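A.B. asks: Please find one structure pasted underneath; my questions will follow.
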Amino acid sequence: MPCRITHPTKMPSRFPNVDGSPSVSEEFRSAPNGASMSILGPVYIETRRYVLRSMRSSDDLNNLGAWASDPSFAAALNIAPHVYDADALVRYVLAHDNRSRYLLGAFDQSGRHIGCIIFQINQIHRNAVWHIIFGDREERRMTVVAELVVAAMDWLFDTRGIDKVTSRTAAANMVINERQRSLGVRQEGYLKAELLSADGQTRLDQVLWGLTKSDWKGSVRTRLSHLSAPAGSTHGNA
């Protein structure tokens, strides 16, 4: 659906951590190849029940830190659990420049941070790598994930002008791989002994997943929309 460009000072007040900080795009004089200056900068997407927006260093990052230090959560991502201090979490957020790297936080209507959708964009080839993280088990329900993924992919394909998105998951992680299938993402490859385990003791297989813009515009978006809330979303750059 058409995008609505929203200035940060006009964001709904019911969602906390919304300030009037200037658009990142204002700090740059040129855009990456093939990208318009108007699509760069912090992202703000409102769905029926959630807000998906670029995270800021001023946000409450406690949940992000808790997820990274949780052993079971870290194991699912094949990373070693680690307790990050506040400065390290801020540096992680600031490493996402809202031009080629996006850290989009998902927030419920009370402002609680429930997850993240991360994009790393290659503008030359108009493709992106994505990761989806929901730390709260209750918020991993398909109705929640589908609503946020629909909003994120609409922005990625329609507003950001990307043609394809990919991800890699550990082959042994059946839960994450089944979620990819449920989201309509195609399995495009199987990579033997592709990476080391978090403890460095063994090599792990990975599954390569991909979703093209044409597949998204075909049946994938329609099916996910039926799984999520019936209302549409407005999306654009903050």
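Every number in this text was worked out from the coordinates using simple rules, so none of it is lab data. It should be emphasised that the depicted structure is a prediction, and the values quoted were computed from it without experimental measurement. Every residue, glycine as well, gets a Cβ built from its backbone with ideal geometry; the counts of neighbours run over all protein chains shown.
A.B. asks: Below 8 Å, C-alpha to C-alpha, sequence gap of six or more: please give me the relative contact order for the range 111-233 in percent. Working shown, then result.
C.D. replies: On the way: 170 pairs, mean separation 31.5, N = 123.
About 26 percent, as a whole number.
A.B. asks: Among L224, L77, L196, what is the fewest-to-most ranking by other Cβ atoms within 10 Å? Each step should come with its number before you reach the end.
C.D. replies: Details: L224 20, L77 17, L196 12.
Fewest-to-most ranking of L224, L77, L196: L196, L77, L224.
A.B. asks: Can I ask one more? Would you mind counting up the charge near N78? Only other residues with Cβ under 15 Å from its Cβ, with Lys and Arg at +1 and Asp and Glu at -1.
C.D. replies: -2
A.B. asks: Quick one: grab the alpha carbon gyration tensor of the range 114-211, order the square roots of its eigenvalues as a ≥ b ≥ c, and give me rounded if a/c is under 1.5, else prolate or oblate depending on whether a/b is larger than b/c. Can you show the working numbers first?
C.D. replies: Working: a/c = 1.94, a/b = 1.25, b/c = 1.55.
Oblate shape, in that a/c is at least 1.5 and b/c is the bigger or equal ratio.
A.B. asks: Now for a different question. Quick one: order W67, W155 by neighbouring beta-carbon count within 10 Å, fewest to most.
C.D. replies: Values: W67 19, W155 25.
Ascending number of Cβ neighbours within 10 Å: W67, W155.
A.B. asks: Follow-up. How far apart, in nm, are two points set 7 Å out from the Cα along the Cα-to-Cβ line at A80 and at M174?
C.D. replies: Distance between label points: 2.9 nm.
A.B. asks: Starting from the Cα gyration tensor of the range 60-163, multiply each eigenvalue by 5, take the square root, and state the resulting semi-axes largest first in whole Å.
C.D. replies: Details: eigenvalues 109, 61, 34 Å².
One finds semi-axes of 23, 17, 13 Å for the range 60-163.
A.B. asks: Continuing with this model, one more query. Order of H226, H125 from fewest to most other C-beta atoms within 10 Å? If you can, show how the numbers build up before the last one.
C.D. replies: Values: H226 9, H125 12.
With the fewest neighbours first, H226, H125 line up as H226, H125.
A.B. asks: Still on this structure: What list of ³J(HN,Hα) couplings, whole Hz, do you get for the range 98-112 from phi and the Karplus terms 6.51, -1.76, 1.60, once you set θ to phi - 60° and write x for glycine and proline?
C.D. replies: 6, 10, 10, 10, 10, 10, 9, x, 9, 10, 7, 6, 8, x, 6
A.B. asks: Hey, another quick one. Taking R0 as 25 Å, what FRET efficiency do you get between L196 and S69 from their Cβ-Cβ distance, rounded to the nearest 0.05?
C.D. replies: Details: r = 21 Å, r/R0 = 0.84.
Efficiency, from the Cβ-Cβ distance: 0.75.
A.B. asks: Moving to a separate point now. If each of R48 and Q187 carries a label point 7 Å out from its Cα toward its Cβ, how far apart are those two points in nm?
C.D. replies: 3.2 nm
A.B. asks: Rounded to the nearest 20 Debye, what is the dipole magnitude of the range 51-141 about its Cα centre when Lys and Arg each give +1 and Asp and Glu each give -1 at the C-beta?
C.D. replies: Details: 10 positive and 10 negative charges, 87 e Å.
Approximately 420 debye in magnitude.
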